[in-house]
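So the structure is just underneath, and the comments pick up after that.
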Amino acid sequence: MSTSFNPNTPIDGAREALWMATAVTAPPTEQYVGNQHCDVAIVGAGFTGLNAALYLAKSGLSVSVLDAVRPGFGASGRSGGQVNLGLNEGPKQLINRFGETQAQRLIQLILNTPQFVFDHIKEHQLNCDAVQQGWIQGALSSKILERQQSLAQEYDTFTVDNASPFKTLNQDRIIQMTGTKRFVGGLLCEQAGSLHPLSYTRELARSAMASGAKVFHDSPVTGISKQANGYQVHTKQGTLTASKVLLCTNGYTDQQSAQPFNALTKAVVPVRTILVATEPLSQELQNAILPNKVTLVDKRRIILYLRYDRDGRLCIGNHGPSRDEFKISDFDYVKKQTAQLFPELANTRWDFHWGGRIAVTKTGLPFMHEIAPGLIAGMGYNGRGVGMGTMMGIELAKTVLSEGQQPSDIPLTKPKPYLMHRFNEIGVAGFVKWYSLLDYIDKVNR
């Protein structure tokens, strides 16, 4: 924890995260050395890779997970930890994109995601501060509220026994549930909530290892080559031979330079997100601000997202700069936005500052892509990695076990590349300014 900062000292987005200071102890792992064989090799020890490893190991397959740094080093150890429902496209758009049959499968997966994650945590006794107290999407304008209500009605047509995933909140109710008068209304998903993302990742690794999987740290993959009966996964310290390979590197895919990673890199743009955490708030403030530990998203194009940790610190996230090293001034705007929502926090102490990458895709949707038979990538969560990263890992594992004979709930697609990917930092900065302008116009016309 730190409360005073040298403005010229870079902030390490992983080491200085709140989650690093409060996570459960990591299970012991080793660096990959030598030449080994397994049924399935997995590259990336985050939400996706470790969920796939756990599922496959419990199904009796031998599994080895290789991470370039350590389990949870990327977004899985730095995210806001919100367990939410939904993608960037609603049911109607998904049907138009994938067709009725495949879209129906995907929509049901989306609807089941929050409850699945919390049931998954209970089933495997994962110690990760899971809190299922609901998720609110706050609308700053009547136009945003209308879009939210339309989306909720679309999802209602796919629910069983009229069990709507969203409840509409009027202004009085959202004030009561959030403690701010900023919103004209919003949506509540009662099945959603939050967790400690790094503890979740470490507990997944522990559970996967207890089921027989091997997890390796400091083992960056330098290349993958096709063999007669599978693949060879090359690291600096050895070669791992596997019948099948899963690539689960998401926003950190560009850390790998060899094929097939450099091709995948063009399908995702790494966008930085930053987070801050207050000092532990008094019980009085906790009762006034997001009482009952509900999570909140300020539902604009450039979102602000908030939740509590187990010690009563309010954690807030927003878009960050186009670099991996952060400065203390990078966090000024998110603090200003927080004080606008909750003036009571204007003089609070900010104890933690951190950030990392999320993976943004051209369609705004995650993808499962079979690069070659038995070589499958799953990534691109666009900021929804806790829930969708978990589900992607399960679906990747099911695809491996079925030998591709059973359709996946997440469609197999070829991701659309960004043609000018090398200029992604300029493009991201431009989109942020454009979206911020549109958000301002919505606010003025509320």
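The values are calculated or read from the model by the stated rules, or taken from the named source; none is laboratory data. The structure displayed is predicted, hence computed values, not measured ones. Ligands, DNA and RNA are stripped out before the accessible areas are found, and what is left, the full protein with its side chains, is counted by its heavy atoms. Shrake-Rupley method; radii C 1.70, N 1.55, O 1.52, S 1.80 Å.
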Tell me, what does the Kirkwood hydrodynamic radius of the range 363-416 come to in angstroms if you use every pair of distinct C-alpha atoms?
11.3 Å
Longest principal axis of the chain (C-alpha) makes with the long axis of helix 100-123 (C-alpha) an angle, in degrees to the nearest 10, of 80 degrees
Cross-link reach list, aspartates and glutamates versus K414, counting only Cα pairs under 17 Å and skipping chain neighbours closer than eight places
E370, E395
Any idea what log10 I(q)/I(0) is at q = 0.26 Å⁻¹ for the range 177-235, Debye with uniform C-alpha scatterers and no solvent?
-1.10
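Checking the a/c ratio against 1.5 first, then a/b against b/c, what shape does the Cα gyration tensor give for the range 84-141?
Oblate is the answer for the range 84-141, as a/c is 1.5 or above yet b/c matches or exceeds a/b.
Could you tell me which of rounded, prolate or oblate describes the range 1-106, using a ≥ b ≥ c as the square roots of the eigenvalues of the alpha-carbon gyration tensor, with rounded for a/c under 1.5 and, failing that, prolate when a/b is larger than b/c and oblate otherwise?
oblate
Per residue, what accessible area does the range 118-250 have, given a 1.4 Å probe and all protein chains present, in Å²?
On the way: 5630 Å² over 133 residues.
In whole numbers, the range 118-250 has 42 Å² accessible per residue.
Averaged per residue, what accessible surface does the range 312-385 expose to a 1.4 Å probe, in Å²?
On the way: 2580 Å² over 74 residues.
Ligands and nucleic acids excluded, the result is 35 Å² per residue.
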For Kirkwood radius over Cα pairs in Å, the choices are [x] 28.4; [y] 22.2; [z] 22.9; which was calculated from the structure?
[y]
At a Cα cut-off below 13 Å, give the aspartates and glutamates reachable from K214, other chains included and same-chain residues fewer than 8 away excluded.
E30, D39, D67
Of the accessible area of the chain, computed with a 1.4 Å probe and all protein chains kept, carbon and sulfur make up a percent value of 49 percent
Per DSSP H run of at least 4 residues, take -39500 (n - 2.57); add these up for the chain, divide by its residues and hand me the 222 nm value, nearest 500 deg cm²/dmol.
-10000 deg cm²/dmol
Nearest-10 value in Å² for the accessible area of D67, using the 1.4 Å probe
20 Å²
